[in-house]
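So the structure is just underneath, and the comments pick up after that.
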Amino acid sequence: IPAFSQSPPNPFKVATEATFPPFEFQNNKTGQIEGFDVDLIKAIGEKAGLTIELVNLPFDGIIPALQSGSVQAAISGMTITPERARAIDFSRPYFKAGLAIAVQENNDTIKSFEDLKDKRIAVQIGTTGAAEAKKVPGAKITTFDNAVLALQELVNGNVDAVVNDGPVTLYAIKDAGLKGVKIVGQLLTEEYYGIALAKNSPYVQLINDGLAKLIESGQYDVIYRKWFAA
Ligand code: GLN
């Protein structure tokens, strides 16, 4: 049976790890999951006539959930990597990001990737940031369940640096009131986020068509400006 003959389940279940503002986070008043990714996937759902049901999962539980079929897709600031693309499928890229180094505001010794040698680094489990930190010679790496906890460890002075997605660290500093932390140096990587689906999922086309419509109609830009206003 060709993949396109399958009609999608409604509601359409989409996994996300909701501690990655401004991409996905829980509104502490309403408990609702909000963010750039949330607006994007809901708009894609509208184009496809589907109700999106978000499922909040640990980041390292997302790929297993796609593989077991307990969710149909995932949107979670997830970087398209060759390794992941062997296990799952991705939509076309929908956001350009990259890894940034964060240090305490008064730190003037760490300015680049090379300066991280032998330092204490906090990262989020299962992420591209965790993989990049592993390349630092002699580094003592501490792994956290989410990026917010890793940044808090830096504020507390228990680590020297955090390697995390630049847009998320920047948002924490500029918009979420994270104090005493700064970003240093250039972005370490150029990364593109994709919506994740099971390998050979019949819904890749549906997601890509929705994304294309949002970009053509200008709706993508409206959502972008809502969360990344200059
Ligand atoms: N973009 C990073 C990755 O894919 C981090 C994603 C996240 O923490 N939600 O590994």
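The values are calculated or read from the model by the stated rules, or taken from the named source; none is laboratory data. All values derive from a computational prediction rather than experimental measurement. FYI the Cβ positions are ideal-geometry reconstructions off the backbone, even for glycines, and counts take in every protein chain you see. To get the accessible areas, we keep the full protein, side chains included, count just its heavy atoms, and leave off ligands, DNA and RNA. Shrake-Rupley method; radii C 1.70, N 1.55, O 1.52, S 1.80 Å.
Some values worked out for this structure:
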{"item": "Qualifying residue in segment 166-175 (condition: in contact (Cβ under 8 Å) with a residue 24 or more places away in the chain, away from the ligand (no atom under 12 Å from the Cβ) and not hydrophobic (A, V, I, L, M, F, W, C))", "result": "yes"}
{"item": "Enumeration of residues in segment 92-103 that are under 16 Å from THR169 (Cα atoms) and surrounded by fewer than 17 Cβ atoms within 10 Å (Cβ to Cβ)", "result": "LYS96, GLY98"}
{"item": "Single match in PHE95, PHE113, PHE144 (criterion: in contact with a helix residue (DSSP H, G or I) (Cβ under 9 Å, 6 or more places away or on another chain), closer than 30 Å to GLU216 by Cβ and at pLDDT 95 or above)", "result": "PHE95"}
{"item": "Tally, over segment 184-230, of residues that are part of a strand (DSSP E or B) and more than 18 Å from the chain's Cα centre (by Cα)", "result": "1"}
{"item": "Residue satisfying condition, being open to solvent by 20 Å² or more (accessible area, probe 1.4 Å), closer than 26 Å to GLY180 by Cα, among the basic types (Lys, Arg) and in contact with a strand residue (DSSP E or B) (Cβ under 6 Å, 6 or more places away or on another chain), within set LYS111, LYS134, LYS117", "result": "LYS111"}
{"item": "Set SER91, SER70: member being polar (S, T, N, Q), away from the ligand (no atom under 15 Å from the Cβ) and either more than 18 Å from LEU151 (Cα to Cα) or in contact with a Gly (Cβ under 9 Å, 6 or more places away or on another chain) (or both)", "result": "SER70"}
{"item": "Criterion: open to solvent by less than 30 Å² (accessible area, probe 1.4 Å) and either at pLDDT below 95 or more than 18 Å from the chain's Cα centre (by Cα) (or both) - qualifying residue of PHE59, PHE12", "result": "PHE12"}
{"item": "Selection within segment 137-146 - part of a loop (DSSP other than H, G, I, E, B) and either open to solvent by less than 30 Å² (accessible area, probe 1.4 Å) or more than 15 Å from the ligand (Cβ to nearest atom) (or both)", "result": "PRO137, GLY138, ALA139, ASN146"}
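Conditions (1) at pLDDT 95 or above; (2) among the acidic types (Asp, Glu); (3) under 22 Å from VAL155 (Cβ atoms), marked per residue:
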site	(1), (2), (3)
GLY77	yes, no, yes
ALA85	yes, no, no
ASP108	yes, yes, yes
ASP118	yes, yes, yes
